[in-house]
Every structure is written in C-alpha cells, then in structure tokens.
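Structure, as structure tokens:
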Amino acid sequence: MIYLDYAATTPLSDSALNAFVQTSQTYFQNTESLHEGGLAARDLLEHARCSLADLLGKESEGIYFTGGGSDGNFLAITSLAHGANYKGKHIISSSIEHPSVDYVLKFLEKSGYEITRIPVQKNGKISINTLLSSIRPDTVLVTIQHVNSETGIVQNIREIGALLKDRGVLFHSDCVQSFGKWNKSYFQSMSIDAFTMSAHKINGPKGTGAVYISPSVHIAPLLAEVTHERGFRAGTVDLPSVTAFVTAAEEAFQLQHEHYQHAVDMRKQLISSILTNKNIAFEGFDDSSPFIIPIRVKGMEGQIMMQELNRLKIAVSTGSACKNGQQAPSKTLLALGRTESEAHELVRISTSHQTTSEEITLLGKVLIEITNTFRSVSEVITR
C-alpha cells in the first residue's frame, strides 16, 4: 500500500514508540499520587511540558496536555470564551474551519453565544478588513485555523494576532496541520493567546495533543474543580503518550526544514506531472502547505477517484478525516466559489518525509490513466 493520507494520521515513529513503552514500564504511576512513584511520574510530566514549551518558545505554564486536536479545540475555545464572557458573548470565526471547531461553536451558540463566520476570498484567505469590521464591543474571541485540512490554504495568523492584540480581542488558532511542520521561530513570534496541537499528525500517538494558552489569559474550564492538568482537563494524564508525543515533536522540529523542503519537492513533482492533463485541476496555491495537495478531476466524484486509487493500493482522502463518512461536498471548495458538483470532486493527497519520489511518480501516472479512462467512458455515454 502506498500511503498518501498523512494529513489524516501518521505512523508512530520508532523513537516515540520506545518512549511510550519505557514510560509505561517505568513511570506507570498516577501523576497525581503523592507517593514516590507518583512524584517521579509528575516530574517526568513536567519535564515533558517544559520540553514542548521550549520547542515552541513559549512558557511551560501555558502548556496543557489533551486528548488530541479535537479535544484541544473544544477545551481551549470553551475555556477562553467562558473566561471572557463578562465582556460579551460574541465570537468570530471563518467559513472554512475544521469540523471540530464547528462543533464547538455550535455548542456555544446553544449556550447563548453569537457566532460570526466570515467568508474567505478567492485565494482562500480571510479578508483582514472584513475581520476587523466584524469586531464589536462584545467580541471576546476570534478562532481562525492556521492551515486548512482540506486544501492546505494558510492564513496569516501572525498578522491577525497582532491586529487583535491591539484591539484587546483573544485569538485562538487550530494549528494541528502546521505544528511540527512550521519552524520554531514562527510559533515563537506569533502574537496569539492560544493554539491547538496534535500528536498523531507528526508520528506521535493517537488520542494525545496539547494546547498552549498564554498564562496572562484568564480561562474558565467547563468542568470546575477537576484536578488534572491544573484544573484544565479531567481524567488521569496518559503519561506514556505524552512522552511519546514530545519525543515525536522534538524529532519533527529538529528535521523541520528538511521535511518541509521534501514536501515542496514532492508537490512540485506531482503537480508538474498531472497538470499536463487539462481535466485535472489543482485546488491549492503557491503559498499553501506543501504537505497537502488538493486536486479534482473535472466531472468525476472524489469518492470514485479515491476508490479507484484504493483498488490500486494507493491511499488518499476526499477531505477532513473527521467528516469523511458524511459524503458532503468540501465546504472549503464551496467557500472558494466552486459549485456543489465541483466541491464533490475533491481528492486530498497528503505527503510526509516518508513519501518517496517513486511513489509520487506512480501516483501521477495512475491519476492520468484513471482520468483518461473516465473521460473516454463519459464521452461514449454522452454520445
């Protein structure tokens, strides 16, 4: 099987697996226990917290370990919103957020919050002017995803963060698709109150992640009086997964430049091979994340292309893994002005440092063959 769905999940690295096993065997105690073993486990947890903070150039007091990206988005957004609701209950987001953010916003709407979802421009980015004009006296939070999980479109969260800071509005970003892929200086320079990370997108374990929330920000978690993660999240901390996560993160940041350039090369190779066929469209942009390559074959459902590739032992996706089973058109392509039929055509190819040039060569060849066969059959049917 040629795996090209790394935006959905990645295999656990050897070093992360070793960290998981060693921690499970040696530091299996509860980090809240007061005996010697528990205190040793707590020390390891705090060491992991400091290590992750150092990778990001942030304060360790702002790092909270979570159950993954979706869990982190829920905890961060609700805690920020409730912590600032004395000021108001208005939140601004975009029309192309990840489903896990949409779910949180719908939950908050039922709790009396008002949500403004601003559209994106033809290049997939939000309009800064539209964002600023949407701010009201009761606006307490803006949440904008850094890298779109369907198309790889990148928002300028550094600029957004600086502008919101000047206006006293909290800013959260879902950075699940950029964490470990953008360099340390980028995260360190962000003027941002909170962002979400996930382990299994960078060869760490599933069910683990983290959020950074600036220690200067007041938060109010939904569940009061919980003891773990300084009252941020209920439940015993999965220390083996945390150490595996931080191990994977250290590897990702150490090799970030090399991995990023490899993704650029793989995208360039694929695009140059398939865009010779006028029936294949690339739905990304030059400044999109090189790890995500969105394409569509004109007139062909993305699900059909995915199934054809799967039959040939090539794994790709049709969009965000959190909503793949719903068969809905890509809301990102709809937001970009594509028709519903065109939005149904999305195929998401996502690469990593493990992707080889030979795999991309084969994929390009197969995509053209399937496209040509589909067009030939379609022409016969329409005659």
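Just a yes or no: is a residue in the stretch 171-184 out of contact with any Pro (no Cβ under 9 Å at 6 or more places or on another chain), assigned to a helix (DSSP H, G or I) and either of a type outside the set (Gly, Ala, Ser) or crowded, with 23+ Cβ neighbours inside 10 Å (or both)? Checked against the condition, which is being out of contact with any Pro (no Cβ under 9 Å at 6 or more places or on another chain), assigned to a helix (DSSP H, G or I) and either of a type outside the set (Gly, Ala, Ser) or crowded, with 23+ Cβ neighbours inside 10 Å (or both), the stretch 171-184 yields at least one hit.
Would you mind finding the one in LEU44, LEU39, LEU75 that is in contact with a Ser or Thr (Cβ under 9 Å, 6 or more places away or on another chain), open to solvent by 10 Å² or more (accessible area, probe 1.4 Å) and within 28 Å of ILE144 (Cβ to Cβ)? The conditions single out LEU75.
Mind checking which residues of the stretch 156-170 are open to solvent by less than 10 Å² (accessible area, probe 1.4 Å), in a loop (DSSP other than H, G, I, E, B) and more than 19 Å from PRO215 (Cβ to Cβ)? Reasoning before the result, please.
Residues of the stretch 156-170 that are open to solvent by less than 10 Å² (accessible area, probe 1.4 Å), as a first pass: 157, 160-161, 164, 169.
Subsequent filtering for residues that are in a loop (DSSP other than H, G, I, E, B) retains 169.
Matches in the stretch 156-170: none.
Across the stretch 1-28, what is the number of residues that are within 29 Å of PHE291 (Cβ to Cβ) and not in a loop (DSSP other than H, G, I, E, B)? Break it down stepwise before answering.
Filtering the stretch 1-28 down to residues within 29 Å of PHE291 (Cβ to Cβ) leaves 1-21, 23.
This time we only want the ones that are not in a loop (DSSP other than H, G, I, E, B), so: 2-3, 5, 14-21, 23.
Final tally of qualifying residues: 12.
Scanning the stretch 6-13 for any residue that is open to solvent by 60 Å² or more (accessible area, probe 1.4 Å), of a type in the set (A, V, I, L, M) and farther than 16 Å from THR208 by Cα turns up nothing.
Among the residues of the stretch 215-234, the one identified as among the small types (Gly, Ala, Ser), open to solvent by less than 40 Å² (accessible area, probe 1.4 Å) and more than 19 Å from VAL104 (Cβ to Cβ) is GLY231. One residue stands out in the stretch 136-155 among those that are among the charged types (D, E, K, R) and in contact with a His (Cβ under 7 Å, 6 or more places away or on another chain): the one that is least open to solvent (accessible area, probe 1.4 Å), namely ASP138. Taken over the stretch 108-127, residues that are over 20 Å from the mean Cα position of the chain (by Cα) and among the hydrophobic types (A, V, I, L, M, F, W, C) amount to 2. Annotation: SER133 fulfils all but one of (1) open to solvent by 20 Å² or more (accessible area, probe 1.4 Å); (2) in a strand (DSSP E or B); the unmet one is (2). Just one residue in the set THR361, THR355 is surrounded by fewer than 14 Cβ atoms within 10 Å (Cβ to Cβ), at pLDDT 95 or above and out of contact with any strand residue (DSSP E or B) (no Cβ under 8 Å at 6 or more places or on another chain); that residue is THR361.
For every residue, the table says whether it meets (1) of a type outside the set (Ser, Thr, Tyr); (2) in contact (Cβ under 8 Å) with a residue 12 or more places away in the chain; (3) touching a strand residue (DSSP E or B) at 6+ places or on another chain (Cβ under 9 Å).
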site	(1), (2), (3)
LEU255	yes, yes, no
HIS262	yes, yes, no
ARG267	yes, yes, yes
SER288	no, yes, yes
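The strands (runs of 3 or more DSSP E) falling completely within the stretch 201-316 that include 1 or more residues that are of a type outside the set (A, V, I, L, M, F, W, C) map to 209-213, 292-297. List the residue pairs whose Cβ atoms are under 8 Å apart, where the first residue sits in the stretch 204-219 and is under 16 Å from GLN177 (Cα atoms), the second is charged (D, E, K, R) and open to solvent by 10 Å² or more (accessible area, probe 1.4 Å), and the two are 6 or more positions apart or on different chains. Here the result reads GLY207/ASP238; THR208/ASP238; GLY209/ASP71; TYR212/LYS58, each pair linking the stretch 204-219 to a residue that is charged (D, E, K, R) and open to solvent by 10 Å² or more (accessible area, probe 1.4 Å).
Within the stretch 5-23, identify whether any single residue is within 24 Å of THR130 (Cβ to Cβ) and of a type outside the set (S, T, N, Q), and answer yes or no.
The first filter runs over the stretch 5-23 and keeps only residues within 24 Å of THR130 (Cβ to Cβ), leaving none.
The answer is no; no qualifying residue exists.
ASP265 falls short on exactly one of the conditions (1) charged (D, E, K, R); (2) at pLDDT below 95; (3) under 21 Å from LEU367 (Cβ atoms), and that condition is (2).
Kindly indicate whether THR31 is among the β-branched types (Val, Ile, Thr), open to solvent by 20 Å² or more (accessible area, probe 1.4 Å) and either part of a loop (DSSP other than H, G, I, E, B) or under 22 Å from PHE253 (Cβ atoms) (or both).
Values: among the β-branched types (Val, Ile, Thr): yes; open to solvent by 20 Å² or more (accessible area, probe 1.4 Å): no; either part of a loop (DSSP other than H, G, I, E, B) or under 22 Å from PHE253 (Cβ atoms) (or both): yes.
It is false that THR31 is among the β-branched types (Val, Ile, Thr), open to solvent by 20 Å² or more (accessible area, probe 1.4 Å) and either part of a loop (DSSP other than H, G, I, E, B) or under 22 Å from PHE253 (Cβ atoms) (or both).
Just need a number here: residues in the stretch 79-126 that are within 22 Å of ASN148 (Cα to Cα), surrounded by fewer than 20 Cβ atoms within 10 Å (Cβ to Cβ) and in contact (Cβ under 8 Å) with a residue 60 or more places away in the chain. Summing the residues that are within 22 Å of ASN148 (Cα to Cα), surrounded by fewer than 20 Cβ atoms within 10 Å (Cβ to Cβ) and in contact (Cβ under 8 Å) with a residue 60 or more places away in the chain in the stretch 79-126 gives 5. Scanning the stretch 27-56 for residues being at pLDDT 95 or above, more than 23 Å from PHE187 (Cβ to Cβ) and of a type in the set (S, T, N, Q) gives a total of 0.
Of everything listed in (1) modelled with pLDDT under 95; (2) of a type outside the set (D, E, K, R); (3) more than 20 Å from LYS206 (Cα to Cα); (4) more than 22 Å from the chain's Cα centre (by Cα), the single unmet condition for GLY235 is (3).
The values are calculated or read from the model by the stated rules, or taken from the named source; none is laboratory data. No experiment lies behind these values; they were computed from the predicted model shown. Glycine gets a Cβ as well: all are built from the backbone with ideal geometry, and neighbour counts include every protein chain shown. The accessibility values were calculated without ligands, DNA or RNA, using every heavy atom of the protein model including side chains. Shrake-Rupley method; radii C 1.70, N 1.55, O 1.52, S 1.80 Å.
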